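These notes concern the structure reproduced below.
The values are calculated or read from the model by the stated rules, or taken from the named source; none is laboratory data. Quick caveat: nothing in here was measured; it's all calculated off a predicted structure. Cβ sites come from the backbone with ideal geometry, for glycine too, and all protein chains shown count toward neighbours.
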Amino acid sequence: MMTDWLTGYTKEVDDIIMTYLPKEEGHQKTVLSAMNYSVKAGGKRLRPLFMREVYRMFGGTGREVEPFMAAIEMIHTFSLIHDDLPCMDNDRYRRGQPTTWVAYGYDMAVLAGDGLAIYAFETAAKAFSMLAAAAGTGSEDTASQAAVARCIGLLAEKSGIYGMIGGQTADVELTGRSLDREQLDFIYRLKTGALLEAPMMIGAILAGAGPEQVRTVERMAACVGKAFQIQDDILDLTSSQEVLGKPVLSDEKNHKTTYVSLYGMEQARRDVEELSREAICILEGLPGNHEIVRELILMLVTREK
């Protein structure tokens with residue numbers, strides 16, 4: 001169960017995301033409706049939460065982080081829409097409601113995913129106009145513009161062929177085959193880890209963190225991402241559809257090698273704990289107030305849904 005502070009923080013982040021969703025109008029209204037349906041389905045909003053809290057941890061105080069918060073959630077949602085398609089995992093429920101392809105049809109779900117993937121970058125680019133609007137106060141500078149540009153590139157890298165889509169490609173091609181540790185680590189790092197590395201790194205960059213600090217944040221996020229995915233494997237076997245809001249035993253149904261099937265449940269649980277400890281140890285070497293980021297890490301890797 002969410003603590004009171006997390007419920008409040010999630011509501012704040014959710015309100016920010018909603019302001020960036022497209023209006024459902026025009027001849028393309030159906031795809032806009034499908035896009036918004038998928039984002040509004042809810043979720044923990046952990047990626048934008050991590051982004052904002054790492055940004056604050058490094059001393060960030062502006063609003064240029066907000067378009068990126070919405071953008072990372074759009075990219076995450078697009079990946080879920082496509083992941084649920086019949087050609088992928090063929091799942092009918094997500095977050096307790098019919099998946100986008102069930103609600104809107106296969107064709108419109110593909111377009112909704114495509115739409116969110118591209119609209120995410122249109123949204124992230126609005127950070128430039130925020131800096132321009134702040135120019136009258138003297139707070140705009142070349143370094144800030146360069147940081148926004150770097151973050152847009154990072155968002156593309158971590159969500160594209162060298163990140164999430166690259167990991168999903170390996171996952172699809174290797175489904176039904178026996179995987180070794182190196183192959184499984186590759187899939188987990190790219191398919192899941194990259195979309196946790198991106199928001200934390202973007203938060204740090206926008207707040208003015210140095211290159212070494214950003215690399216440290218990436219290492220921390222990689223530990224969190226792997227622990228998150230292992231915990232996901234555990235929950236797929238131990239939880240229920242009512243709790244998770246999506247089908248369980250889907251990995252078994254799709255004949256996927258998981259961390260649990262490779263190493264066993266006990267080892268999987270131990271490694272989740274070890275990875276979370278490592279992430280927090282790395283975090284403690286960074287500047288700023290770590291309390292919220294630390295709590296988010298612990299909540300993420302000990303979650304029940």
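In table form, for the structure just shown:
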{"quantity": "Residue that is nearest to the chain's Cα centre (by Cα) [pool: residues in the stretch 74-88 that are closer than 30 Å to GLY153 by Cβ and outside any helix (DSSP H, G or I)]", "calculated": "ASP84"}
{"quantity": "Test: ALA71 is over 19 Å from the mean Cα position of the chain (by Cα) and buried (at least 22 other Cβ atoms within 10 Å of the Cβ)", "calculated": "no"}
{"quantity": "Residue within the stretch 173-186 that is under 16 Å from MET51 (Cβ atoms) and out of contact with any strand residue (DSSP E or B) (no Cβ under 6 Å at 6 or more places or on another chain) present", "calculated": "no"}
{"quantity": "Residue count for the stretch 143-174, restricted to those that are touching a helix residue (DSSP H, G or I) at 6+ places or on another chain (Cβ under 9 Å), free of Cβ contacts under 8 Å to residues at least 24 places away in the same chain, under 17 Å from SER129 (Cβ atoms) and of a type in the set (Gly, Ala, Ser)", "calculated": "1"}
{"quantity": "Tally of residues being under 19 Å from the mean Cα position of the chain (by Cα) and free of Cβ contacts under 8 Å to residues at least 12 places away in the same chain across the stretch 3-43", "calculated": "4"}
{"quantity": "Tally, over the stretch 149-202, of residues that are surrounded by 17 or more Cβ atoms within 10 Å (Cβ to Cβ) and hydroxyl-bearing (Ser, Thr, Tyr)", "calculated": "3"}
{"quantity": "Of the criteria (1) in contact (Cβ under 8 Å) with a residue 40 or more places away in the chain; (2) assigned to a helix (DSSP H, G or I); (3) touching a Lys or Arg at 6+ places or on another chain (Cβ under 8 Å), which one GLY115 fails", "calculated": "(3)"}
{"quantity": "Residue count for the stretch 3-36, restricted to those that are among the aromatic types (Phe, Trp, Tyr) and surrounded by fewer than 17 Cβ atoms within 10 Å (Cβ to Cβ)", "calculated": "1"}
{"quantity": "Checking ALA209 against (1) buried (at least 16 other Cβ atoms within 10 Å of the Cβ); (2) of a type in the set (A, V, I, L, M, F, W, C); (3) closer than 26 Å to LEU80 by Cβ; (4) modelled with pLDDT of 95 or more, the condition it does not meet", "calculated": "(3)"}
{"quantity": "LEU244 being of a type in the set (A, V, I, L, M), within 28 Å of ILE81 (Cβ to Cβ) and at pLDDT below 95", "calculated": "yes"}
{"quantity": "Hey, GLY43 modelled with pLDDT of 95 or more and either of a type in the set (Gly, Ala, Ser) or in a loop (DSSP other than H, G, I, E, B) (or both) or not", "calculated": "no"}
{"quantity": "Positions within the stretch 46-60 being outside any helix (DSSP H, G or I) and more than 21 Å from ILE152 (Cβ to Cβ), in sequence order", "calculated": "GLY59"}
{"quantity": "Tabulated pairs, the stretch 73-88, first free of Cβ contacts under 8 Å to residues at least 60 places away in the same chain and within 12 Å of THR192 (Cα to Cα), second of a type outside the set (Lys, Arg) and buried (at least 17 other Cβ atoms within 10 Å of the Cβ), C-beta under 8 angstrom, 6+ apart or interchain", "calculated": "LEU80/SER38"}
